[in-house]
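One structure is given below, encoded as structure tokens.
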Amino acid sequence: MSEPFYRRIIADLRARIVSGEYPPGGKLPSTRDLVAFYRGQFSSTTLTHSTVRHAVSLLIETGELRGQQGLGVFVPDRPAD
């Protein structure tokens, strides 16, 4: 069995943050855009908005991302300790 989608998304988002694709202070694409991207990336039509939201929520809980109600999800200016 392969790794769950949410873990694959977390790993990919972390890599994109480290590479600077999503720089400090930068905003992530919308959930809708992330779903479309990862459905293509993983060749899956079963990937859901809930899965992407779960992955992003876990990254917010660890301080690797920052959510702002009504504005979106951002990479913090400083990395989490």
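The values are calculated or read from the model by the stated rules, or taken from the named source; none is laboratory data. Just so it is clear, the model here is predicted, and its values are computed rather than measured. In this analysis, Cβ positions are derived from the backbone assuming ideal geometry, glycine residues included, and neighbour counts consider all displayed protein chains. Each accessible area value is taken on the protein alone, full model and side chains, heavy atoms only, with ligands, DNA and RNA left out. Shrake-Rupley method; radii C 1.70, N 1.55, O 1.52, S 1.80 Å.
If I filter the range 63-74 for residues that are assigned to a helix (DSSP H, G or I) and open to solvent by less than 70 Å² (accessible area, probe 1.4 Å), do I get at least one hit?
Residues of the range 63-74 assigned to a helix (DSSP H, G or I): none.
No.
If only one of VAL35, VAL18 is open to solvent by 40 Å² or more (accessible area, probe 1.4 Å) and of a type in the set (A, V, I, L, M), which one is it? Quick ask: steps written out before the conclusion?
Values: VAL35 fails: open to solvent by 40 Å² or more (accessible area, probe 1.4 Å).
Of VAL35, VAL18, the one residue that is open to solvent by 40 Å² or more (accessible area, probe 1.4 Å) and of a type in the set (A, V, I, L, M) is VAL18.
Being within 13 Å of VAL73 (Cβ to Cβ) and not in a loop (DSSP other than H, G, I, E, B) is the filter here; which residues of the range 17-42 pass it? Give the steps one after another, and end with the answer.
Applying the first criterion (within 13 Å of VAL73 (Cβ to Cβ)) to the range 17-42 yields 17, 22, 25-34.
Hits for the range 17-42 are ILE17, LYS27, THR31, ARG32, ASP33, LEU34.
Can you tell which of VAL18, VAL56, VAL73, VAL35 is among the hydrophobic types (A, V, I, L, M, F, W, C) and in contact with a His (Cβ under 7 Å, 6 or more places away or on another chain)?
So the residue among VAL18, VAL56, VAL73, VAL35 that is among the hydrophobic types (A, V, I, L, M, F, W, C) and in contact with a His (Cβ under 7 Å, 6 or more places away or on another chain) is VAL35.
If we scan the range 43-56, do we find a residue that is of a type outside the set (Lys, Arg), open to solvent by less than 60 Å² (accessible area, probe 1.4 Å), assigned to a helix (DSSP H, G or I) and touching a strand residue (DSSP E or B) at 6+ places or on another chain (Cβ under 8 Å)?
Checked against the condition, which is being of a type outside the set (Lys, Arg), open to solvent by less than 60 Å² (accessible area, probe 1.4 Å), assigned to a helix (DSSP H, G or I) and touching a strand residue (DSSP E or B) at 6+ places or on another chain (Cβ under 8 Å), the range 43-56 yields at least one hit.
Which one of the conditions (1) in a helix (DSSP H, G or I); (2) open to solvent by less than 40 Å² (accessible area, probe 1.4 Å) does ILE60 fail to meet, given that it meets all the rest?
Result: ILE60 fails condition (2) only.
Is it the case that the range 53-71 has a residue that's of a type in the set (A, V, I, L, M, F, W, C) and touching a Ser or Thr at 6+ places or on another chain (Cβ under 6 Å)?
Restricting attention to the range 53-71, the residues satisfying the condition of being of a type in the set (A, V, I, L, M, F, W, C) are 55-56, 58-60, 65, 71.
From what's left, touching a Ser or Thr at 6+ places or on another chain (Cβ under 6 Å): none.
Scanning the range 53-71, I find no residue that is of a type in the set (A, V, I, L, M, F, W, C) and touching a Ser or Thr at 6+ places or on another chain (Cβ under 6 Å), so the answer is no.
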